[in-house]
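Let me begin by presenting the structure, written as structure tokens, before commenting on it.
The values are calculated or read from the model by the stated rules, or taken from the named source; none is laboratory data. Because the structure is a prediction, the values reported are computed rather than measured. Here Cβ is always computed from backbone atoms with ideal geometry, including for glycine, and neighbour counts include all displayed protein chains.
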Amino acid sequence: MAHQVDAAFGVVNIPNAVWIDENFDIVRPAEPAWPAPRATGVRSPLLDSDQARLAAIAGQATKIVSWTADEYGDAVRDWARNGAASHYVLPADDVLARSGRRDGNGSAAAAHFALAQHFERDGRHDRALPHFRAAHRLAPENWTYKRQAWSLTGPEGPLKRFWQGPQDGQEWEYDSDWLADIESSGAETYYRPTQL
Amino acid sequence: MLLDDLMPTTAAFAAATGWKIESRGACKGDLCVPLPDGAYREERVDVAVVAERLGMAVVPAESGGLWAVGPESFSGRALSTVAAPDLELQTFDGQPFSLSSLRGTRMVLVAWAPY
């Protein structure tokens, strides 16, 4: 298996969704998509973790902005009922304009990411690593490239997918990690601001 | 997209990139981008020429004999057309699944990963 929706649709983070109509045309491009309205009054147990990194990650996670979570489900249901008449369906020009920027560096990053996945699947992490690093350098806004690479290392266990960074006493192969990146860029930028 | 040949067949190029090579140029959905002479011949695509025209990066593997071709970037946006690409995916039980098999219905394609 390999990631495909980044190159095909411009998905750079998850959860994201793309709406495709009966004619196989995209009527909403890749954008943050939510299964339910924002939860209120729920406190992550990770905030109380005795591991400082996990507590810091949980703290940053509470600051992430789920831009359209409260209305997303209603928008999907409206489109299901009304199809092309739904006011959530975007004109073609808006679909393209909202689909995210991609320049030559973005294309090169996708190519490097494809090679990295190929070598990683082949058990050649030593060959995959420089391509992961190149993808990260060329497309720093792409969380898919980073989170996939970071999750292939780090502590084993159920919290591995949250850790995404260095461990005490071990060399970290990448120039950044989830916590460092989100602290420097700001949790509010984790998802591109969107409106329905 | 990975290639082991920089002169693939037009069918292989279309399957890998979604761009069909026609007399009008490289086409995806209703969009056709004119191509220079020499971009294809005898049902084979000169990837270097077409990639440059469409803004696709071509990155070689150090081991040789393998290249990765990035998606088009000539429009400056992730999507250059609203025509959806036909992804070939795999179900959890290993069966092939083509996104276009859902043509005719509305679909919400949700991307998620457990990392």
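Where strands (runs of 3 or more DSSP E) sit wholly within the range B:15-115, those with at least 2 residues that are under 29 Å from A:ASP78 (Cα atoms) and of a type outside the set (A, V, I, L, M) occupy B:96-98. Between B:SER100, B:SER80, B:SER23, the distinction of being under 30 Å from A:ASN82 (Cβ atoms) and out of contact with any strand residue (DSSP E or B) (no Cβ under 7 Å at 6 or more places or on another chain) belongs to B:SER100 only. Just checking, does the range A:79-86 include any residue being closer than 19 Å to A:TRP143 by Cβ and modelled with pLDDT of 95 or more? Scanning the range A:79-86, I find no residue that is closer than 19 Å to A:TRP143 by Cβ and modelled with pLDDT of 95 or more, so the answer is no. Of the residues making up the range B:34-52, just one is more than 14 Å from the chain's Cα centre (by Cα) and of a type in the set (Val, Ile, Thr), namely B:VAL49. A:ASP93 passes every criterion in (1) more than 10 Å from chain B (Cβ to nearest Cβ); (2) without any contact (Cβ under 8 Å) to a residue 40 or more places away in the chain; (3) loosely packed, with under 15 Cβ neighbours inside 10 Å apart from (1).
The set of residues in the range B:4-20 being in contact with a strand residue (DSSP E or B) (Cβ under 7 Å, 6 or more places away or on another chain) and either more than 21 Å from B:VAL82 (Cβ to Cβ) or acidic (Asp, Glu) (or both) consists of B:LEU6, B:MET7, B:PRO8, B:THR9, B:THR10, B:PHE13. Go through (1) assigned to a helix (DSSP H, G or I); (2) at pLDDT 90 or above; (3) within 23 Å of A:SER66 (Cβ to Cβ) one by one and return the number of the condition A:PHE162 breaks. It is condition (2) that A:PHE162 fails.
For A:GLU141, state whether it is of a type outside the set (Phe, Trp, Tyr), within 18 Å of the chain's Cα centre (by Cα), modelled with pLDDT under 95 and part of a helix (DSSP H, G or I). In short, no. The sole residue among B:PHE92, B:PHE13 that is aromatic (Phe, Trp, Tyr) and either within 8 Å of another protein chain (Cβ to nearest Cβ) or under 30 Å from A:GLU156 (Cα atoms) (or both) is B:PHE92.
For the range B:44-70, a tally of residues being closer than 18 Å to A:LEU115 by Cα and crowded, with 20+ Cβ neighbours inside 10 Å returns 9. Cβ-Cβ contacts under 8 Å between residues 6 or more apart (or on different chains), taken from a first residue in the range B:95-110 that is in contact (Cβ under 8 Å) with a residue 12 or more places away in the chain and under 17 Å from A:ALA17 (Cα atoms) to a second residue that is acidic (Asp, Glu) and surrounded by 15 or more Cβ atoms within 10 Å (Cβ to Cβ), are listed as B:LEU99/B:ASP86; B:SER100/B:ASP86. Would you check if B:PHE97 is more than 29 Å from A:GLN164 (Cβ to Cβ), in contact with a helix residue (DSSP H, G or I) (Cβ under 6 Å, 6 or more places away or on another chain) and more than 7 Å from chain A (Cβ to nearest Cβ)? So B:PHE97 fails the test. Residue check: A:ALA55 meets all listed conditions (1) over 21 Å from A:ARG161 (Cβ atoms); (2) away from every other protein chain (no Cβ under 13 Å); (3) assigned to a helix (DSSP H, G or I) but one, namely (1).
Yes/no per residue for (1) of a type in the set (Asp, Glu); (2) out of contact with any His (no Cβ under 7 Å at 6 or more places or on another chain); (3) under 30 Å from A:ALA180 (Cβ atoms):
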| residue | (1), (2), (3) |
| --- | --- |
| A:THR62 | no, yes, yes |
| A:VAL65 | no, yes, yes |
| A:THR68 | no, yes, yes |
| A:GLY73 | no, yes, no |
| A:ASP78 | yes, yes, no |
| A:VAL89 | no, yes, no |
| A:ASP93 | yes, yes, no |
| A:ALA97 | no, yes, no |
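The lone criterion from (1) farther than 20 Å from B:LEU3 by Cα; (2) away from chain B (no Cβ under 12 Å) left unmet by A:TRP143 is number (2).
Restricting attention to the range A:23-50 and to residues that are of a type in the set (Asp, Glu) and surrounded by 14 or more Cβ atoms within 10 Å (Cβ to Cβ), the residue that is nearest to the other protein chains (Cβ to nearest Cβ) turns out to be A:ASP25.
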